[in-house]
Every structure is written in structure tokens, then in C-alpha cells.
Amino acid sequence: MMLRTAVLFSVLSLLRLGAAVPHNTFDGEGFPACNDVAQVYRPSTVNEIQALVKDASSKGKPVRASGNGHMWCKTRLVVTRSSANNFSDDTMCSDDPNTIIIKTDAVNRISDLVMKDGVGSVVVEAGATFPQVAEWLHERGAALGYTLVNWNITIAGAIAMGAHRSSLREHSQVSSAALALDIINGNGELVHLEKDTSDTWLAATTSLGLLGIIVRVKLEVYADFKVYADQKVLDEAEVLNGDIYAQISPYVTANYWWWPGLKKFHLRTYGVVPMTKAGNAFQSTFSVTDFEGNFARGLLNTGQNLSAPNFVAEGIFFALWSFPNFHDKKTDLAHVFWPVHGYAYDVLIGGLYPNQKPEWEYGLHGRTLELAVPIPQANALLKRVRELFDQASKDGKPVTATYRR
């Protein structure tokens, strides 16, 4: 056993990705999740993760897990009636230089698919991403359902951070699909939890990694199905003064994109269609060609000190987004008309188009301000934001942005 352990750590030592350096988010260099870490390990099995945690625990070293580098922002803004303050959240790491990072992306096995009457379960390991699991299930006639988020995120990481889609009709928080979890706690012990209504389960399914590393998830899955995506343009007043609940509740999931400089919205809606419906639509929100990536970066950079280029950019992006951001999965030809149809995961999330890169590889980065309010307060919130936009224009500082909900 001692020899095996020595060999294990010898091998893992070769997989260290750095020492006393920043550990970056998926955005890459210049976007650190942790400013200073001792080591980054990339194990390939659950047992190796457990051994690393036990060793770190015995030496008093902090441990953090990292999938593909998505996590909550480390700074949050708390607004009260009398003040607004920034607070630091150590959801990824505390910047203790002794911290070790365990990258889970190579621990990505998928197994134990069981189906009965259109419902079943599957077991996935810590580093398995949504597209990996979705493709594996699709090949076997199954699907994830609506508990989905961006394509390059690990399922275990999404559960830990409370990630979610938006739906009034279906379960859309990723953790709602979890039936059981295996977590390696701070002592290196493997803890198994079954879904129930206890505080322990609720804490584990939105733990921000603070209870340990989620190394296995048993997920609820369904027989594969097809959906459509449709989109229409709404005048701003139709949303701000309209019945938002009535506009989105008929659909399994829906999104608004706000174009405040144009006073327009895009309303994207999704619904189920028969499996016999023709179509292999595949969505991509992040894919860009070399020309698109470089042009967008140049255009946006010119708007750092001037408002006019930002309004030009908004007009261009609005026109582009009015067309489907879908290709045919088999031919890679672009769809040009709404609605589009295809298998559930391909339409709801999709991924990267062939021979294209994600936008952040061209230096295109953004910050998201998420304002979460109950649906009955949505109109008041949007109207208040419109008031602020209008006031900024009166003050000679016009602002434009896109808003998605």
C-alpha cells in the first residue's frame, strides 16, 4: 500500500500544472480565480482525488476543486437604503499561497444508465461536462431534460454553484436533477448522500464547494426528445408595460434580450415537438470566426471612451441576433429562418461550431450583473433600469447594454 501511494503521488507530481502562480478561470490569463496557489493537480480517478485531499488535510493545506473554471464572481455588491458596499466572497479560494487546486476535468466517466418507461438515471463523475453527458445519453436514446447551463461547464460544478436555467414550467436548477451525491469532505472521507428534504441535502446541492468535492452525481434523465426554438422582436413598451408572466409561462423555457439603445427586445421561446419532426438544429452562443472575433473586439474597444461606437455595435449585434444562432448539426449550414427544430440538448444549449473558437479566445470578455427578483416585480425593475438609462442620456453619458433574463 505504501509503495502504491508513493507511485501515485509520483505520477500526480508530474501532472502539476504550476506552482505559486495564479489559477485562471476559463477566460485565461489575466482572469484569475485564485491569485496565488501552491500547486495544481489533474488527477484521473476518484481515488486519486481522495488521496490528494487526505494528503493535503494531513499537512493542513487548503484544497479547492476546479472544473472548467466557471464560478461565482469573488466580489458582490450589497445595496441598502443608505449605502452600497463591495464584499469579497471566497467561493473559489481564499488566496492562501498554500492552497492546492484539484482540476477535475480528467475524472469524467459516465456509467450506469438505467431507463424505465421514459425515465431513468445515470452516474457521472466530477469532471463530466454537459455536452459530454448529453452526447453519451443521446447515443443511447436518453436526454438530460431542462436542468442545463452553458455547454462547457461540469455538471458537478454546476450543482455546487447553484447554476440554473430559467423556466416557470419545468425544473431548471441543475441540482434538482440530482438523485444522489458522492462528496469527498475535508478529511478525505467519501460521503454518500441520497436526495431528500433535509438541510444536509439542500446545503450539499448549493455548497459552493465548501462542503467538499462532488466526485459523483446520480442524475435523473429522460427518453430523448426534440424541441423547437422560435424568436420574435418586441417593442420595449410591450415588455415593460406587458404581462411578463403571460408572455413566457406557456413555454418550457424562454429568454428576453434587451436592446435598450434601440428600445427593442428579442423574446426567445422553446417547446417540445414530436420526435418525427425533421431537423438537426444546433445552437451556439459563443462560436465566432476569426473575422467575427477580431472585428467585434476592435469595434468594442473603440467604445471604451466614446458612446457612439457602442450604439453602432448594438445595432450590428441586434441585426445578427435577429437571425437564428443555429447551424444544422450534420451539414454545418446556418439556419436563416425561425423556428428551428432539433434534439433537446442541441437546441437548448448546443456548443461550438466546427472550425470556430469561443469568443473569449479572441479577447472578448464581459461582466454579468444578475438582478434576481420575483416575476411580479419584473416590470418595476425594468422600468427603473429604463429610468436610469434615460437619466444617463440627459446627463450626456448615454449607456447601452444587453440584458438577458
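Read-outs throughout are calculated quantities, based only on the coordinates presented, and are distinct from any laboratory measurement. Keep in mind the model is a prediction, meaning the values are calculated, not measured. With ideal geometry, Cβ positions are generated from the backbone for all residues, glycine too; neighbour counts draw on all protein chains shown.
Return the equivalent ellipsoid semi-axes of region 154-273 as a descending list in whole Å, where each equals the square root of 5 times an eigenvalue of the C-alpha gyration tensor.
Working: eigenvalues 270, 54, 27 Å².
Each semi-axis is the square root of five times an eigenvalue, giving 37, 16, 12 Å.
Here the Gaussian network model covers the chain, with springs between Cα atoms less than 10 Å apart; of ALA296, ALA128, ALA163, ALA296 fluctuates the most.
When only the Cβ of Lys, Arg, Asp and Glu is charged (+1, +1, -1, -1), the dipole of region 107-222 relative to its Cα centre reaches about 220 debye. Compute the FRET efficiency between SER58 and VAL373 as 1/(1 + (r/R0)^6), taking r as their Cβ-Cβ distance and R0 = 45 Å, and round to the nearest 0.05. Calculated transfer efficiency: 0.45.
Cβ crowding within 10 Å, taken as a proxy for footprinting-reagent exposure, orders VAL133, VAL46 from fewest neighbours to most as VAL46, VAL133. Of all aspartates and glutamates in the structure, those lying under 17 Å Cα to Cα from LYS61, and not within fewer than 8 positions of it along the same chain, are ASP36, GLU48, ASP90, ASP95, ASP96, GLU189.
What dipole magnitude, in Debye to the nearest 20, does region 226-404 give about its Cα centre under +1 on Lys/Arg Cβ and -1 on Asp/Glu Cβ? Could you put the intermediate results ahead of the total?
Working: 17 positive and 17 negative charges, 33 e Å.
About 160 debye.
Comparing GLN304, GLN247, GLN50 in a Gaussian network model of the chain where C-alpha atoms under 10 Å apart are linked, the largest mean-square fluctuation is found at GLN304.
Among the trypsin sites (Lys or Arg not before Pro) found in region 275-334, those both in a DSSP coil and sparsely packed, with 11 or fewer other Cβ atoms within 10 Å of their Cβ, are LYS330.
Along the chain, the exposed loop sites are chymotrypsin sites (Phe, Trp or Tyr not before Pro) outside DSSP states H, G, I, E and B with at most 16 other Cβ atoms within 10 Å, and the longest stretch free of them is 73-224. Amide H to amide H distances under 5 Å link GLN173 with ARG165, where only residues 5 or more positions off or on other chains count and H is placed in the peptide plane. Taking 7 Å steps out from each Cα toward its Cβ at ASP332 and THR276 produces label points 3.3 nm apart. Per-residue 3J(HN,Hα) values for region 146-157, derived from phi via the Karplus relation 6.51 cos²θ - 1.76 cosθ + 1.60 with θ = phi - 60°, read 10, 7, 10, 9, 3, 5, 9, 9, 6, 5, 4, x Hz in sequence order (x marks Gly and Pro).
For region 113-168, applying the loop criterion from DSSP together with a ceiling of 13 other beta carbons within 10 Å to the GluC sites (Glu not before Pro) yields GLU139.
Assuming R0 = 56 Å, what is the FRET efficiency of VAL119 and LEU299, from their Cβ-Cβ distance, to the nearest 0.05?
Working: r = 48 Å, r/R0 = 0.85.
After rounding to 0.05, the efficiency reads 0.75.
Taking 0.36 nm per residue of separation and subtracting the Cα-Cα distance, full extension of the segment from ALA237 to LEU352 would add 38.0 nm. Here the residues ILE375, ILE349, ranked from fewest to most Cβ neighbours within 10 Å of their Cβ, fall in the order ILE375, ILE349.
With the cut-off at 26 Å, report for region 226-404 the share of all Cα pairs above it, as a whole percent. Of the Cα pairs, 38 percent sit more than 26 Å apart.
Using the Kirkwood formula over every pair of different C-alpha atoms, what hydrodynamic radius in Å results for region 284-354? Before the final figure, lay out the partial values.
Numbers: mean 1/r = 0.0726 Å⁻¹.
One over the average 1/r among Cα pairs gives 13.8 Å for region 284-354.
Compute the angle between helix 290-301 and the longest alpha-carbon principal axis of the chain, please, reported from 0 to 90 degrees and rounded to the nearest 10. Around 70 degrees separate the two axes. Relative to the dominant Cα principal axis of the chain, helix 2-14 is inclined by about 30°. Taken about its Cα centre, region 300-405 carries a charge dipole of roughly 280 debye when the Cβ of each Lys and Arg holds +1 and the Cβ of each Asp and Glu holds -1. Sparsely packed loop sites in region 273-375 (the GluC sites (Glu not before Pro) outside DSSP H, G, I, E and B with at most 11 other Cβ atoms within 10 Å) comprise GLU370.
By the rule of a C-alpha distance below 27 Å, with chain neighbours fewer than 8 residues away ignored, the lysines paired with LYS263 are LYS232, LYS383, LYS394, LYS397.
Note: relative contact order over region 247-396, using C-alpha pairs below 8 Å and six or more positions apart, is 28 percent. For the chain, the spherically averaged projection of the C-alpha convex hull amounts to 22.5 nm². Quotient of the Cα radius of gyration of region 110-223 and 2.2 N^0.38 Å, N being its number of residues: 1.00.
For region 210-252, what number results from the quotient of the Cα radius of gyration and 2.2 N^0.38 Å? Please report the intermediate quantities before stating the final value.
Working: Rg = 18.8 Å, N = 43, 2.2 N^0.38 = 9.2 Å.
Ratio of Cα Rg to 2.2 N^0.38 Å: 2.04.
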